[in-house]
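Here's the structure we're looking at; comments come further down.
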Amino acid sequence: MRVFCFSFDVRGRAFNKALHWSDPNTFGPRAYFVTVAKPAALTLDGVQLDDEGLYRCRADFRTTPTRNFAINLTVIVPPHQMLVYDNSGRDVSAVVGPMEEGSDLILTCEVRGGRPPPTLTWFVNERIVEGHLEPSRNHVMVNRLVVNGVKREHLNSSYKCQASNTKLMMPTERMVRLELLLRPLSVQILLKPKQMIADQDYVITCQVEGSRPRATISWIRDNRKFRRGKIAEDGNDTTISSTVTFAPVPEDDGTFLKCLGDNPSLPGVGQEDSFKLNIVYPPQVSLHLGSTLNPEDIKEGDDVYFECNIRANPKEHKITWFHDGGLVSQNMSSGVIISTHSLVLQRVTRWQSGSYTCLAANNRGETVSKPVMLRVRFAPVCRDSEISVIGASLDEVIRVRCHVAADPSEVTFVWQFNNSGESFDVSPARFTTTSGNMSELKYTPASQRDYGTLTCWGQNPIGRQSEPCIFQIVPAAKPSPLSNCTLRTATNHSTDALEVECRAGYDGGLPQRFVLEAYDSYTMRLRFNVSSSNTEMPFFRFELSELLTSNGEGIPPSLRVVVYAENAKGRSEKVVLEDITLNDAEKRTDDNSSISILPLAALLTGSLLTLGLAVLLVIVLAVRRSRHRHCARSHCGHQLEISKAPKMTPQASRTNSMLEINTGDQRYVVAYTLKPASDCVNQPPLSVPIDHQPDILNTPRGTPPSAGGPLPRPDALFTPTMERSRPNAMFNSYCHAELTLSPETCAIQTATIGRPRGRPKDVPPFSTFATMRRDHIIADSIPGPESCV
């Protein structure tokens, strides 16, 4: 037992000068006696465990007995170290975890030192909970707390271990906070459209709640991350939303758009929400040749089929097929069969080559597929199925071109010549092959036996040409005149136009073209010309607004129209149609007149027309009966008595080849050719009664010249203009008594003009053209088919 001494002595001195003594081996300066306090006390600074023991206080008095007091000092030693361990034995100071939700939490509190041994206590959120206290060993106290299956509500809970062995001081403690990993509670797409239109923007929002740490949101389509459009996120630690803005495409139709909310620290525990995309869009169409077909090995006679693949929402209600832009219709007899999505062409021909497309339609629109080319290989065939007539002169070198269509175009040719007496093959040295599908033969007819038929045969890998190309070699000549010409008006709003349509004659064995020329009827100046290349029905059209202008003398403008054909050998005989006179007086009618005379004029015109037709009919019937009596006498039965006709100028005499009859809006023109006097030698006397004239009355004639030589046929279409001062110059070469019209040179031409065209009374109705036309033009309004003028 240790003895500690401390004394306080005031004997013989003042109280404040008392002597203090402290055993330096025990207390030393840590002990001092405090007299100020009542009662006075011994104070020890920095109490140590060795200071524990029984303290005796002895007080000695001068006059009274000594007093003794005993005090037992117990020294409490607090724990000097406290540690808290988690499940894995790691020391934790502030936060334990993060731990996965549902796992077990084990906290171990370990206290070292302390006298007496301290008491360990666990507090959860400041509430005492019971732990498992383990036996002390080596002055170490352990208390283990076990929490089975931590839940979401345990997040951020505080766990405090407290060690206490006295109430004289605050207990020793350590507190930790529990951190958890929480899986998402819910994933929800807020708005799920039932139907979406392709290529329109839509906004889809997904919200994720309950995840800790903050959840990550992914958009998935068909198990692949959706990357189109714009994605934006917003939220806090437990609730987050993701918004995607995108325009759906047809490929999205029928797929699922999924929103996946996941905890990045807890893989595999995410949740998702999804909906099916219903995208409406126009049809998507693709066309393919049948899978069993080789596109490079299709020839005439094979069966071909196409497949039209269609994706559409809503489903297509119409499928249409096209060939080179033209509609393809089902025709079983022709081998064209259309099924739901297929087009079958049985026994395909070369005409069915080309571009094929299919069109599909629904209520969103129509879509045409990309074209698919069908190539049908075939043996050579002539480009022109008609027999070509080629005109050639003797010893003229001509180039005969045989042009065939073939696929493939590598063609070999064989030429043959045929006439009525012989047939032989043409030597290959005589012809050449150019561009694969054309052969050119140089041919020179040396005699009449060399005119005949050339035939050309082609052959390629598909086969030999079934029908040859035929070229008829004939002697070349000038083209024949045009026939059946019709003149009519064509009104286009405020402008007047004339149209002339004729029938082409024989082309003379050479390419021909057709020309229309218009001359001023008074000055014989060429006003314009126009050509036509239509080989069957030449057609001409010209405007009158600029051509028919007045000559300044008050005389209405007049045109003379001539048509002819020409080829390399020359021109055909020219055909004079008629003089065209334009009277625009009706255009200048006073519009301010208050009384309209149109009904009265129409009535008067109708009456005069009826009366004129009746008189004309009587005259025609009388002339016909008279003519029948005289036509039996001789071959030149119809003669015109010139001696009794009024005298005409030479220019006027040349107009007698044009005969005009105006009936209302209709105008009839009779063209004829003067016959030489030599053809009338054996004719009856010159004088013929006036009732023997033709059905169509002649225009007044001038007095014939004195007897002269025979009347020759003009060599040119136009004769020189003669001065009016020499009225007998032209007639010196004509028959002195009469002019004869032969039936084979008769021609009647009918033309319809939009409104009546008339001449002023002071302008003689004559022409400076002689008609050179020989073939017949059928009159469509003149009675009497047997009439000949």
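Among the residues of the stretch 437-487, just one is in a loop (DSSP other than H, G, I, E, B) and of a type in the set (Lys, Arg), namely Lys478. What do you reckon, is Ser265 farther than 17 Å from Pro193 by Cβ, among the polar types (S, T, N, Q) and open to solvent by 50 Å² or more (accessible area, probe 1.4 Å)? It is true that Ser265 is farther than 17 Å from Pro193 by Cβ, among the polar types (S, T, N, Q) and open to solvent by 50 Å² or more (accessible area, probe 1.4 Å).
Regarding the stretch 7-18, can at least one residue be identified that is part of a loop (DSSP other than H, G, I, E, B), open to solvent by less than 70 Å² (accessible area, probe 1.4 Å) and within 29 Å of Gly113 (Cβ to Cβ)? No, there is no match, as no residue in the stretch 7-18 is part of a loop (DSSP other than H, G, I, E, B), open to solvent by less than 70 Å² (accessible area, probe 1.4 Å) and within 29 Å of Gly113 (Cβ to Cβ). Checking Ala163, Ala94 one by one, the residue that is in contact with a Gly (Cβ under 9 Å, 6 or more places away or on another chain) and either aliphatic (A, V, I, L, M) or within 30 Å of Asp50 (Cβ to Cβ) (or both) is Ala163 and no other. Whenever a residue of the stretch 442-458 is touching a residue at least 24 places away in the same chain (Cβ under 8 Å), its partners that are of a type in the set (A, V, I, L, M, F, W, C) and surrounded by fewer than 11 Cβ atoms within 10 Å (Cβ to Cβ), lying with C-beta atoms within less than 8 angstrom and at least six residues away or across chains, give the pairs Lys442/Val397; Tyr443/Val397; Thr444/Val397. Residues in the stretch 297-330 that are of a type in the set (D, E, K, R) and exposed (fewer than 12 other Cβ atoms within 10 Å of the Cβ): Asp297, Lys315, Lys318. The single condition among (1) open to solvent by 70 Å² or more (accessible area, probe 1.4 Å); (2) within 28 Å of Asn138 (Cα to Cα); (3) outside the structural domain of His139 (by the TED database) that Asn87 does not meet is (3).
Selection of the stretch 445-471 for residues being among the polar types (S, T, N, Q) and modelled with pLDDT under 90 yields Ser447, Gln448.
Scan the stretch 19-58 for residues that are open to solvent by less than 80 Å² (accessible area, probe 1.4 Å), assigned to a loop (DSSP other than H, G, I, E, B) and not aliphatic (A, V, I, L, M) and jot them down. Result: Asp23, Thr26, Phe27, Thr35, Asp45, Gly46, Glu52.
Condition first: over 30 Å from Val344 (Cα atoms) and in contact with a Pro (Cβ under 6 Å, 6 or more places away or on another chain). Can you find one or more residues in the stretch 376-392 that meet it? Yes; the residues of the stretch 376-392 include at least one that is over 30 Å from Val344 (Cα atoms) and in contact with a Pro (Cβ under 6 Å, 6 or more places away or on another chain).
Of the residues making up the stretch 159-189, those that are surrounded by 13 or more Cβ atoms within 10 Å (Cβ to Cβ) and either assigned to a loop (DSSP other than H, G, I, E, B) or of a type outside the set (A, V, I, L, M) (or both) number 18. The set of residues from the stretch 407-435 being open to solvent by 90 Å² or more (accessible area, probe 1.4 Å) and farther than 26 Å from Thr349 by Cβ comprises Ser420, Phe424, Asp425, Pro428, Ala429, Arg430.
Please find, within the stretch 282-296, the residue that is most open to solvent (accessible area, probe 1.4 Å) out of those that are out of contact with any Phe, Trp or Tyr (no Cβ under 8 Å at 6 or more places or on another chain) and touching a residue at least 24 places away in the same chain (Cβ under 8 Å). Before you say what the answer is, go through the steps one by one.
Here is the first cut: in the stretch 282-296, the residues out of contact with any Phe, Trp or Tyr (no Cβ under 8 Å at 6 or more places or on another chain) are 282-286, 291-292, 294-296.
Adding the requirement that they be touching a residue at least 24 places away in the same chain (Cβ under 8 Å) leaves 282-286, 295-296.
Details: Pro282: 54, Pro283: 4, Gln284: 64, Val285: 26, Ser286: 43, Pro295: 65, Glu296: 107 Å².
That would be Glu296.
Looking across Glu130, Glu134, one residue alone is surrounded by 12 or more Cβ atoms within 10 Å (Cβ to Cβ) and without any contact (Cβ under 8 Å) to a residue 40 or more places away in the chain. It is Glu134. Has the stretch 198-212 got any residue that is over 20 Å from Val269 (Cα atoms), assigned to a loop (DSSP other than H, G, I, E, B) and open to solvent by less than 30 Å² (accessible area, probe 1.4 Å)? Looking for residues that are over 20 Å from Val269 (Cα atoms), assigned to a loop (DSSP other than H, G, I, E, B) and open to solvent by less than 30 Å² (accessible area, probe 1.4 Å), one finds at least one in the stretch 198-212, hence yes. Within the stretch 525-551, the set of residues being open to solvent by less than 50 Å² (accessible area, probe 1.4 Å), modelled with pLDDT of 85 or more and assigned to a loop (DSSP other than H, G, I, E, B) comprises Pro538 only. Considering every residue within the stretch 608-623, establish whether at least one is within 30 Å of Gly391 (Cα to Cα), modelled with pLDDT of 55 or more, open to solvent by 30 Å² or more (accessible area, probe 1.4 Å) and not in a loop (DSSP other than H, G, I, E, B). No, the stretch 608-623 contains no residue that is within 30 Å of Gly391 (Cα to Cα), modelled with pLDDT of 55 or more, open to solvent by 30 Å² or more (accessible area, probe 1.4 Å) and not in a loop (DSSP other than H, G, I, E, B). Exactly one residue among Val515, Val500 is of a type outside the set (Ser, Thr, Tyr), within 12 Å of Leu482 (Cβ to Cβ), in contact with a Cys (Cβ under 8 Å, 6 or more places away or on another chain) and at pLDDT 85 or above, and that residue is Val500. Would you confirm whether any residue within the stretch 142-162 is in contact (Cβ under 8 Å) with a residue 40 or more places away in the chain, farther than 25 Å from Ser265 by Cβ and basic (Lys, Arg)? Looking through the stretch 142-162, none of the residues is in contact (Cβ under 8 Å) with a residue 40 or more places away in the chain, farther than 25 Å from Ser265 by Cβ and basic (Lys, Arg).
The values are calculated or read from the model by the stated rules, or taken from the named source; none is laboratory data. What you see is a predicted model; the values in this text were computed from it and never measured. Heads up, the Cβs are rebuilt from the backbone with ideal geometry, glycines too, and the neighbour counts pull from every protein chain shown. For the accessible areas, the whole protein counts, side chains as well, though only heavy atoms, and no ligand, DNA or RNA atoms are used. Shrake-Rupley method; radii C 1.70, N 1.55, O 1.52, S 1.80 Å.
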